[in-house]
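Heads up, the thing below is written out as C-alpha cells.
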Amino acid sequence: MSRPLIHILATGGTIAGVSHTDHPAGRYTAGVRPVAPLLAAVPGLDDLAELSADQILSLDSKDMRPADWQSMLSACRRALTSPAVDGVVILHGTDTLEETAWFLHLTLPAGKPVVLTGAMRPADHPEADGPANILDAVRLATLPEARDKGVLITLNGRIHGARSLRKYHASQLDAFSSTQYWNLARADGRFAAHDLAPLPRVDILAGYAGAPACLVDACINSGARGLVLALAGQGSVPESWRPALARARDKGIPVIRASRCSGHIPRNGNADDDGEGYLTAGDLPPLKARIALMLALAAGMEQPEIQALLPTL
C-alpha cells in the first residue's frame, strides 16, 4: 500500500529557532531554520508518510497578524483540495498558536486532518522537542480517526482540540492545556465558504482596577470595528466605561462582554446587555471571542446574528 501524503506548512516559530552563541543561555531567534532541515532532523519521519512542504512564513508567532492567518488559510485550502494530499501539518510558534488554531478551526472545512505543532525549545537545543512533536503531528495527520475533528494540536505527547486549547505556561515543555479530549472534538468550519478578506480590526480591552474609559474611545477612534471586553468575574462592566461604550454602540460598534476568568458569561436582560446593546461571549475566552467577532463581521453578520452565533461556537 502507498503511504499517505502529508503536506507541511512551515511558518517559523521556536521550532525553527536558532540559539545566540554570543548571549546568555536561553536566548534565541525564532523562525530562522527553513523547513527542509527541520524535517531532515526527524528520525523515522519518512516511514510514516510521503511529505511535501512549503515555507509560507518565517515568523516569531508573537508577530503573527490576521493577514498571516489568511495566508495560512489560503495555503491550507489549496492543499486540502488536492486529491493527492491526505492531511496537513502546520509548524507554528507557540505564543499565538491557540489563536491560529481557532481561526483555522472556524474557516476550514471538515474532512482531512489539519494538525498544528510547535516547540518550546529552539531547533539547535541539545534536547530539542521539535523533532518529536513533528513526528507526532505527521503520525496524527495520517490517522483516519483524525478526520472531521477540525484543527488538532499536538505537543509534548498530548493531543488537543482547538476549541478549548490555551497556552498556560510560559516555558515548560508541557505548556498547553485543554478541557476536551481530542477524539470528542468536532469540525466547525462555519466560515469555510466565506472569502473573509480583509478581516476587520477587533480590539481586546482588559478590565482592571482603575482602567481608564479613554481606552474605549482610543480603540474606536483609531479604527476598531469591534471590541471584546476581558472583564473581571462574570463580565462586570466598570461604571466609568459605560458612557464610552454607549458612544461605541451609537457608532454601530459591537461590544462583547467576556471574562478574564474561566467559566460561562450568562446573557441577561438588564442594562449590561439588552439595555446597553452588549453581546456576551458565553464561555469563549477573550482571544477566541475576538476571532469569532472578526469572522462574523467579515461575513457581513449583524449584531443579532452574532449574538446567536456565539453560544454555538
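Rank-order 282-289, 202-209, 253-260, 2-9 by packing density, defined as the average count of other C-beta atoms within 10 Å over each peptide's residues, highest first.
Going by the mean number of other Cβ atoms within 10 Å, highest first, we get 253-260, 282-289, 2-9, 202-209.
Quick check: the angle from helix 130-141's long axis to the longest principal axis of the chain, C-alpha only, nearest 10 degrees?
Long axis of 130-141 versus the principal axis of the chain: about 80 degrees.
Could you state the accessible area per residue of the chain in Å², with a 1.4 Å probe and every protein chain left in place?
44
Could you state how much accessible area residue 105 has, in square angstrom rounded to the nearest 10, with a 1.4 Å probe and all protein chains kept in place?
Approximately 10 Å² of residue 105 is accessible to the 1.4 Å probe.
For residue 261 and residue 305 in one chain, what is 0.36 nm times their gap in residues minus the Cα-Cα distance, to one decimal in nm?
Extending this stretch completely gives an extra 13.3 nm.
For the pair residue 47 and residue 197, what calculated FRET efficiency results from E = 1/(1 + (r/R0)^6), where r is the Cβ-Cβ distance and R0 = 51 Å, to the nearest 0.05?
Step by step, r from the Cβ atoms, then E = 0.80.
Fully extended, how many nm does the chain gain between residue 145 and residue 183 (0.36 nm per residue separation, minus their Cα-Cα distance)?
Roughly 12.9 nm would be gained on extension.
In the range 164-313, what percent of the accessible surface is made up of carbon and sulfur (1.4 Å probe, ligands and nucleic acids excluded)?
53
Where does the chain land at 222 nm, in deg cm²/dmol rounded to the nearest 500, when only DSSP H runs of n ≥ 4 count, each adding -39500 (n - 2.57), divided by all residues?
-8000 deg cm²/dmol
Taking a 1.4 Å probe, which of 301, 72 shows the most accessible area, and what order do the others take after it?
Most to least solvent-accessible, the answer reads 301, 72.
Match the structure shown to one of the listed values (i) 63, 20, 15; (ii) 33, 24, 20; (iii) 36, 22, 17 of semi-axes √(5λ) of the Cα gyration tensor in Å, computed from it, and give that label.
Label of the calculated value: (iii).
Can you list residues whose amide H is under 5 Å from residue 129's amide H, if they're 5+ apart or on another chain and H is modeled 1.01 Å from N?
120, 121
Once ligands and nucleic acids are excluded and a 1.4 Å probe is used, how much of residue 261 is accessible, expressed in Å² to the nearest 10?
Residue 261 exposes around 70 Å² with every protein chain in place.
In the structure displayed, which of 62/288; 62/167; 112/149; 251/288 lie more than 19 Å apart, Cα to Cα?
Over 19 Å apart, Cα to Cα: 251/288.
The values are calculated or read from the model by the stated rules, or taken from the named source; none is laboratory data. Being a predicted model, the structure only gives us computed values, none of them experimental. For neighbour counting, all protein chains shown are included, and Cβ atoms are generated from backbone atoms with ideal geometry for every residue, glycine included. Just so you know, the surface numbers come from the protein's heavy atoms only, side chains and all, with ligands and any DNA or RNA stripped out. Shrake-Rupley method; radii C 1.70, N 1.55, O 1.52, S 1.80 Å.
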